[in-house]
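Shown next, in structure tokens, is the structure this report addresses.
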Amino acid sequence: MPRFRLTIEYAGTRYSGWQRQKNARTVQGELDRAVRDITTRDDFELYGAGRTDAGVHAVGQVAHLDVRTTLPPATLRDRLNDALPSDINVLAVRAVSHRFHARHSAVNRRYVYQIARRRTAFAKPYVWWVKDALDVSAMRSAARLFLGLRDFQSFAHHEERDFDDPSPPGRTAAPTKSTLVLMERLDVLECDHLLLVVVEGSHFLWKMVRRLVGVLVEVGRGTLAPADAGAFLMARSGEPARLTAPASGLFLERVRYEHDETDDEVRPPTPFGGRTSRER
């Protein structure tokens, strides 16, 4: 059975996350329906690289699809897009080896969170508008404390599961015991009316990125010192959960694999900002 690698973008506003659910509309569920419609087959498998939560968006989600079809990749992409709603779009399809697995082969994942510094008439579903003035320098000082292999137990959900679900295909994921995450990048970029929080690492725990953003915003407001934010790594605290940022501003920006080109440049996922800058 052929295996295809799909690169997908979607606006998550209308969906209860990526992962298929029986009684809710999801991105994976819509893709399942589209595959059935164009191939008339039920015996296929579709796996995503990460399980974005309800209301979270993606500009570079990756999935692999195992399906019997004679359609070439470009035609498969076009047919899928014809069958999908307008807020889900397959950017690329290519044939890959069965050694490739969208989730388990991933080297790292990068999320971008958009914080609006002004009220917007058009971008509300894609930003978190923070009315208070934010001290970007303080946010960057706090961000540096989270780099490296760190224990993010304070940023984990109760009975935490790995948000990027490492369980083998066909097996129910067990609760993840370790809350250790290799944080490779945590940046705050200025982009006209936007602040972009760039989070890149080996994997992420459920709601971890949004809680990191919430903590950094509190540092920017001046109600939390950078050192106090870093202290959440030393002892378990419920404060990051209370500060969880809204889902609307979060995007899965890219998933990188071993032979992919490295791309460190980050752009606003939606056209509300401009050129990014990072003053040190």
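The values are calculated or read from the model by the stated rules, or taken from the named source; none is laboratory data. All figures in this text were calculated on a predicted structure; none of them were measured in a lab. So basically every Cβ, Gly included, is an ideal-geometry build from the backbone, and we count neighbours across all protein chains shown.
Okay, residues lined up against (1) assigned by TED's automatic domain parsing to the domain that holds ALA245; (2) farther than 23 Å from PRO268 by Cβ; (3) buried (at least 20 other Cβ atoms within 10 Å of the Cβ):
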residue	(1), (2), (3)
ASP43	no, yes, no
ARG51	no, yes, yes
SER86	no, no, no
ILE115	yes, no, yes
ARG119	yes, no, no
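So, in the stretch 1-26, how many residues would count as being within 30 Å of TRP128 (Cα to Cα) and not in a loop (DSSP other than H, G, I, E, B)? If you could, list the steps in order and put the result at the bottom.
Initially, the stretch 1-26 is screened for residues within 30 Å of TRP128 (Cα to Cα), giving 6-26.
Restricting the remaining residues to those that are not in a loop (DSSP other than H, G, I, E, B) gives 6-10, 12-14, 21, 24.
Counting residues in the stretch 1-26 that are within 30 Å of TRP128 (Cα to Cα) and not in a loop (DSSP other than H, G, I, E, B) gives 10.
Kindly indicate which of GLY60, GLY17 is touching a strand residue (DSSP E or B) at 6+ places or on another chain (Cβ under 7 Å) and not polar (S, T, N, Q). Explain how you work it out, then say what you get.
On the way: GLY17 fails: touching a strand residue (DSSP E or B) at 6+ places or on another chain (Cβ under 7 Å).
Every option except GLY60 fails the conditions.
Conditions (1) modelled with pLDDT of 95 or more; (2) not charged (D, E, K, R), marked per residue:
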| residue | (1), (2) |
| --- | --- |
| ASP164 | no, no |
| THR176 | no, yes |
| VAL181 | no, yes |
| GLU184 | yes, no |
| LEU205 | no, yes |
| VAL219 | yes, yes |
| LEU224 | yes, yes |
| ALA227 | yes, yes |
| GLU239 | no, no |
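All but one of (1) in the same structural domain as GLN61 (by TED's automatic domain parsing); (2) over 16 Å from the mean Cα position of the chain (by Cα) hold for ALA133, so report the exception by its number.
For ALA133, the exception is condition (1).
Looking at SER237, SER202, SER248, can you tell me which residue is of a type in the set (Gly, Ala, Ser) and touching a Leu at 6+ places or on another chain (Cβ under 7 Å)?
Details: SER237 fails: touching a Leu at 6+ places or on another chain (Cβ under 7 Å); SER248 fails: touching a Leu at 6+ places or on another chain (Cβ under 7 Å).
Going through SER237, SER202, SER248 in turn, just one is of a type in the set (Gly, Ala, Ser) and touching a Leu at 6+ places or on another chain (Cβ under 7 Å): SER202.
Out of all the residues in the stretch 231-240, is one or more under 17 Å from the mean Cα position of the chain (by Cα), of a type in the set (Gly, Ala, Ser) and surrounded by 11 or more Cβ atoms within 10 Å (Cβ to Cβ)?
First pass over the stretch 231-240, keeping only residues under 17 Å from the mean Cα position of the chain (by Cα): none.
So far as the stretch 231-240 goes, no, none of its residues is under 17 Å from the mean Cα position of the chain (by Cα), of a type in the set (Gly, Ala, Ser) and surrounded by 11 or more Cβ atoms within 10 Å (Cβ to Cβ).
Which strands (runs of 3 or more DSSP E) sit wholly inside the stretch 27-113 and have at least 2 residues that are more than 25 Å from PHE251 (Cα to Cα) and in contact (Cβ under 8 Å) with a residue 12 or more places away in the chain?
On the way: elements: 45-48, 57-66, 88-96.
Output list reads 88-96.
Looking only at the stretch 186-195, filter to residues that are of a type outside the set (A, V, I, L, M, F, W, C) and over 17 Å from ALA229 (Cβ atoms); which one of those is nearest to the chain's Cα centre (by Cα)?
Our first condition is that a residue be of a type outside the set (A, V, I, L, M, F, W, C); within the stretch 186-195, this holds for 187, 190, 192-193.
Remaining after also requiring over 17 Å from ALA229 (Cβ atoms): 190, 192-193.
On the way: GLU190: 20, ASP192: 23, HIS193: 22 Å.
Across the stretch 186-195, the extreme among qualifying residues is GLU190.
Filter the stretch 192-203 down to the residues that are surrounded by 20 or more Cβ atoms within 10 Å (Cβ to Cβ) and closer than 19 Å to ASP263 by Cβ and list them by number.
Once the filter is applied, which keeps residues that are surrounded by 20 or more Cβ atoms within 10 Å (Cβ to Cβ) and closer than 19 Å to ASP263 by Cβ, the stretch 192-203 yields LEU196, VAL197, VAL199, GLU200, GLY201.
What tally of residues in the stretch 1-26 results from selecting those that are under 23 Å from GLY249 (Cα atoms) and either of a type in the set (A, V, I, L, M, F, W, C) or surrounded by 15 or more Cβ atoms within 10 Å (Cβ to Cβ) (or both)?
The total comes to 16.
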